Every structure is written in C-alpha cells, then in structure tokens.
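Trainee: So that we are looking at the same thing, I have put the structure below in structure tokens.
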Amino acid sequence: MLNRLTVSALLKAVILSTAFVVVIGFSISAWSSWGRLQAANRIVAVSAASAEVFKAMANIRADRSTSSRQLTSDVQLDQDIERYIRGIRDILMPALARATEILPSIDLPQGETMVSDVGRLNKVLLEKQAEFWTEVAKPKASRRAALAKEYTDAEDGLMAILEKLAPMLGASVNHQDAVIDQLLMIKQMAWLLRLSAGESSLIVGNALGTGKITPELQLAYTKFVGGTDTAWNAIELATVGMQLPPALAAAMANAKAVYFDPQYATTRDGIIAAVAKGEKPSMTANQWSPYSVGRMASAIKLADAALEAAKEHSAAQRATAVESLIVNTALLLAAIVLTGAAMLAVSRRVITPLHRIRDAMLKVAGGDLAVDSGYLDRHDEIGSLAGALETFRQQAIDKLKIEEQERERNAGAAARQRAMESYVG
C-alpha cells in the first residue's frame, strides 16, 4: 500500500499525523486549563458572595432585636445606642447591596427568584429604616404601632432567604478544592457559633427588657451556651493539622480570647441568675446589646477571616489557571503555526524541487537538452539530484556532439568517395 503513495503524499501524511497528535495534546491541556479557570472563577464569586451574605445575616440578627426593642420601648433612644444601630446598618446595607450584585453571576437552583426577593426586601428594609429614625424620635404613644412588626417581618424575610442561600453557595463548590471545602466549613461552624451565641444573648436581652425569665427559657439559655462550646470545639478540630493563614490564626485566637473570656461568661450567667431571682442585674438591655454583640463579633471576624482566606486561595488558583491557559493556548497556536510552516517548507524545499527535477528528466529523456536542471547551488539531496540530472544532460549533449561529428566525418568520407569514383570513371 505504501508503494502507491507518492513521496509528497507520504511526507505530508507524516507531518500532519505528528501535528495532529501534538495539537490534540495541547488542545486537551488548554481545555483542562479553561475548565480550571471557570471553576476558580466560580469559587471566587461564591467566596465573595458568601462573605457578604454572612455579614448581612450576622448584622440582621443584631439589628432586628435592638431596633424592635427601641420601637416598643418607653425609654428614649440615647446617643450610644443610636451609634450602635447606625454602625450595624452601615455594615448590613452595603453587604446586602454587594450580595445582590454578585449573586446573579452564580448559577444556583431558584437563584434568580431568591436574588429578586432579596432585592425587593432590601428596598422595603431601606424604607422601614428611614421611617424608623422618624418614629423612634417620637414618644412611644405617638409612634406608628405596626412599624415594629413590619420592620421585624422585613428582616425575618431577608434572614430566611439568606439562610437558604448560604448553604447553597457552599454546596455549589463542594469537592472542587479541598482547601476551599475546609475554609467554608470553618466559616459555617463560625456561623453556628454566632447563631448559638446570638440566641443566648437574645434571651439575656429579653430578660433584661422584661425583668423576668421562665424556667423554660433558662433551660434554652443553657442549651445555647452549650452549643457555642460545641461549635468552638468543632472549629478547633477542623483546623488540626491545617496550615492556617496568619489572619485566620489571629481571628481564632481573638475569638477564643474575646468571646470565651471567663469574665464575659460570668457577667452573662450572672444576669440570668439575677433576673431569675428577681434581683437587679448588673446592666440594662441597652447596655447589654453593644456589650454582647461586640463579643459575638469575634465569631463574625473568624468567619470573615475564613472567607477571606478562601477568596485569596481561589484567586491564587485562578491566577495559576489563567497562566496555564495562556501557556497551553500559546503552545497550541505555536504547534498550528509550526505545522503550517513545516508543510510550506517541505512543499517549497522538497516537493516542488522534486517535481521540477522529475519534469526536467522527462524533457531530457525526450530530447530537450536545453532544459535548466536548477538547484545546482544546493548542497543537499536535492542538489545531488540536480547535479546528477545536469551530468546526464551534459552527457547527452556530448553524445549528440560526437554523433554529429561522426555524421560529418561519414558525410565527408562519402563525398570524397563519390569524387574519386567520378574521377576514375
């Protein structure tokens, strides 16, 4: 079968086959790099969205209880609690805005509907917050009575959606990167710590507001305090053997020192015990909120640090994927260009000269000795073939000259013979 192939066809087949294998290899590598880049981009977006969602959830909890209590309280809003509420909202509202910007770029089940609901409730909350500052400045009897419930309902609605979004975001990138999985798990456990701490803090705040606490609430308080301890133990177990980024390690140390400070636990337990006994507690509800939320902020900082580490890791992975994609794409293009260059070079330097030499040989064989063999200046196989053709042509020319000379001699001898015969006769 190979005997039927021309040299040009065989050369082209070898070059194209080799090039095909190389191009396919680089194409697979480039496609793999593209896939890694897409996954890294998704993780970056998920990490950023998770950070904003978590920040919003943490501050909604703090704002919800404090704002509702202020709207239903006879006590005039003081400057400290006003700064506290404004500080919470200054974090909450930008976080919600950024979350609604990032979330549409992430493909989630029912994500479009949930993002739309977040945007709608965000507008409602902005309206209620504006009304809050107007109404809270009035005496309690002059305030619009339904505002407290409407405000709480708006934040409850937001919290319900965000609590669904948070695990969905984490699940959307599960098992794509082991480090990301671990960091998101730390974030989730930090949220559980903040959740349990918030519930226990809410019980303390309500007890301070009403001046009483039931045995059932005391039992719930004990369970939530135990939940914080369990969540912290889980976080410590999750980080065993892990090379923690400096910021995350510092956040863990801060959370342990601030939230699990024995003095804080003593103050918190002492308030519950005092209210249960009907004694005067060590602080008021308005004093308790900033005090406890400041402590619980350490859990938020821990979660933020885990999410920031996830963002940095995913950004590094994206940079690596981009570099790999650029390199593989460049190699792929280089392979295609080199294939074309090789085909062109073989065509110009080998196939075309062979065809010309073949045609020249056929002309010489047909008696056309004026043909130019060409390529005599080349010092390769083509030059050798051209030299052989030139030798053959020159030999043919020499042969013709000899034959011509022989014919001339024979013609001269014949003429002399005829002249002699004519003379004799």
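The values are calculated or read from the model by the stated rules, or taken from the named source; none is laboratory data. Since the structure is predicted, the reported quantities are computational estimates derived from the model, not experimental observations. Please note: Cβ atoms are built from the backbone with ideal geometry, for glycine as well, and neighbour counts cover all protein chains shown. Surface areas here come from the heavy atoms of the whole protein model, side chains and all, with no ligands, DNA or RNA. Shrake-Rupley method; radii C 1.70, N 1.55, O 1.52, S 1.80 Å.
Trainee: Work out the length of the dipole vector of region 172-277 about its Cα centre, built from +1 on the beta-carbon of each Lys and Arg and -1 on the beta-carbon of each Asp and Glu, and round it to the nearest 20 debye.
Mentor: For region 172-277, the charge dipole is close to 320 debye.
Trainee: Could you give the radius of gyration (one decimal) and Dmax (whole number) of the Cα atoms in the chain, in Å?
Mentor: Cα-based Rg and Dmax for the chain come out at 44.7, 174 Å.
Trainee: Identify, among Leu71, Ala130, Ala99, the residue whose Cα sits farthest towards the positive end of the charge dipole of region 17-137, taking +1 on the Cβ of Lys and Arg and -1 on the Cβ of Asp and Glu, with the dipole about the Cα centre.
Mentor: Looking along the dipole axis, the top candidate is Ala99.
Trainee: So between Phe392 and Glu150, what do we pick up on full extension, going 0.36 nm a residue minus the alpha carbon distance? The partial results should precede the final answer.
Mentor: Numbers: separation 242, 0.36 × 242 = 87.12 nm, distance 10.68 nm.
Difference between extended and current length: 76.4 nm.
Trainee: Given springs between every Cα pair under 10 Å in a Gaussian network model of the chain, which of Ser17, Ser200, Ser292 has the largest fluctuation?
Mentor: Comparing Ser17, Ser200, Ser292 in the GNM, the peak value goes to Ser17.
Trainee: Could you give the size of the charge dipole of the chain about its Cα centre, using +1 on the Cβ of each K and R and -1 on the Cβ of each D and E, expressed in debye and rounded to the nearest 20?
Mentor: Dipole of the chain, to the nearest 20 debye: 220 debye.
Trainee: If you don't mind, there's one more thing I want to ask. For Asp372 and Ser17, compute 0.36 nm times the residue count separating them, minus their Cα-Cα distance, and round to one decimal in nm. Mind showing how you got there, number by number?
Mentor: On the way: separation 355, 0.36 × 355 = 127.80 nm, distance 3.55 nm.
The Asp372-Ser17 span can extend by a further 124.3 nm.
Trainee: How much accessible area does Ile382 have with a 1.4 Å probe, in Å² rounded to the nearest 10?
Mentor: Here the residue's solvent-accessible area equals roughly 10 Å².
Trainee: Using a Gaussian network model of the chain whose springs link C-alpha atoms within less than 10 Å, name the residue from Pro245, Pro262, Pro104 with the highest mean-square fluctuation.
Mentor: Looking only at Pro245, Pro262, Pro104, the largest GNM fluctuation is found for Pro262.
Trainee: With +1 assigned to the C-beta of every Lys and Arg and -1 to the C-beta of every Asp and Glu, and no other charges, what is the dipole magnitude of region 25-138 about the Cα centre in debye, to the nearest 20?
Mentor: Taking the Cα centre of region 25-138 as origin, the dipole is about 280 debye.
Trainee: Along the positive direction of the dipole of the chain (beta-carbon charges: Lys, Arg +1; Asp, Glu -1; about the Cα centre), which of Ala360, Gly170, Ala45 reaches farthest?
Mentor: The Cα lying farthest towards the positive end belongs to Ala360.
Trainee: Something else now. Rounded to the nearest 10 Å², what accessible area does Tyr291 have for a 1.4 Å probe in the complete protein model?
Mentor: Rounded to the nearest 10, the figure is 60 Å².
Trainee: Considering only Thr284, Ser142, Gly412, whose Cα is most displaced toward the positive end of the charge dipole of the chain, charges sitting on Cβ of Lys, Arg (+1) and Asp, Glu (-1)?
Mentor: Gly412
Trainee: Take the residue pairs Lys223/Lys301; Lys280/Lys301; Lys149/Lys223; Lys164/Lys301; Lys164/Lys311; Lys140/Lys223 and return only those whose Cα atoms are more than 30 Å apart.
Mentor: Over 30 Å apart, Cα to Cα: Lys280/Lys301; Lys140/Lys223.
Trainee: Right, here's the next one. With r defined as the distance between the Cβ atoms of Ala345 and Glu112 and R0 fixed at 51 Å, what FRET efficiency is calculated, to the nearest 0.05?
Mentor: It comes to 0.40.
Trainee: Give me D for region 212-286 in µm² s⁻¹, whole number, from Stokes-Einstein with Rh from the Kirkwood sum over alpha-carbon pairs, 25 °C and 0.890 mPa s. Mind showing how you got there, number by number?
Mentor: Values: Rh = 14.5 Å.
After rounding, the answer is 169 µm²/s.
Trainee: Still on this structure: Test of the criteria: in region 140-175, which trypsin sites (Lys or Arg not before Pro) are in a DSSP loop and have at most 16 other Cβ atoms within 10 angstrom of their Cβ?
Mentor: Listed in order of number, the matching sites are Arg144.
Trainee: How many angstrom separate the Cα center of region 386-425 from the Cα center of region 299-325?
Mentor: So the two Cα centres are separated by 95 Å.
Trainee: Turning to a different aspect of this structure: How large is the accessible surface of Leu16 in square angstrom, using a 1.4 angstrom probe and rounding to the nearest 10?
Mentor: 90 Å²
Trainee: Something else: Which Rg and Dmax, in Å, describe the Cα atoms of region 267-367?
Mentor: Taking only Cα atoms of region 267-367, I get Rg and Dmax of 40.2, 130 Å.
Trainee: For region 310-381, what is the convex hull (Cα atoms) projected area averaged across all directions, in square nanometres? Walk me through the numbers before you get to the answer.
Mentor: On the way: hull surface 26.8 nm².
Taking the Cα atoms of region 310-381, their convex hull projects to 6.7 nm² on average.
Trainee: Let me ask something else. Sum up the charges of everything whose Cβ sits under 9 Å from the Cβ of Asn286, counting Lys and Arg as +1 and Asp and Glu as -1, but leave Asn286 out. Could the numbers behind the result be given before it?
Mentor: Values: positive: Arg69; negative: Asp78, Asp80.
After counting each charged neighbour, the total is -1.
Trainee: Same structure again: Please give the direction-averaged projected area of the C-alpha convex hull for region 86-199, in square nanometres with one decimal.
Mentor: Its Cα hull, projected and averaged over all orientations, spans 8.5 nm².
Trainee: For Trp34 and Glu236, what is the calculated FRET efficiency with R₀ set at 41 Å and r taken between the beta-carbons, to the nearest 0.05?
Mentor: Calculated transfer efficiency: 0.55.
Trainee: Mind pulling the angle between the C-alpha long axis of helix 215-238 and the longest principal axis of the chain? Nearest 10 degrees, somewhere in 0 to 90.
Mentor: 30 degrees
Trainee: Turning to a different aspect of this structure: Given the Cα-Cα distance of Ala130 and Arg358 and 0.36 nm per residue of separation, how much length would full extension add, in nm?
Mentor: Between Ala130 and Arg358, full extension yields an extra 72.7 nm.
Trainee: In terms of the Cα gyration tensor, with a ≥ b ≥ c the square roots of its eigenvalues, is region 15-70 rounded because a/c is under 1.5, prolate because a/b exceeds b/c, or oblate?
Mentor: Taking the square roots of the gyration eigenvalues as a ≥ b ≥ c, region 15-70 is prolate.
Trainee: Tell me the per residue accessible area of the chain using a 1.4 Å probe; a whole number in Å² is fine.
Mentor: Normalised by residue count, the accessible surface of the chain is 55 Å².
Trainee: If you don't mind, there's one more thing I want to ask. 7 Å from Cα along Cα→Cβ at both Gln263 and Ser282: what's the point-to-point distance in nm?
Mentor: 0.9 nm
Trainee: Same structure, new question: Give me the three principal axis extents of region 139-238 from the C-alpha atoms, as integers in angstrom, largest value leading.
Mentor: 57, 30, 19
Trainee: Tell me the label-point distance for the pair Gln176, Ala247, using the 7 Å Cα-to-Cβ offset, in nm and rounded to one decimal.
Mentor: Between Gln176 and Ala247, the label points sit 2.0 nm apart.
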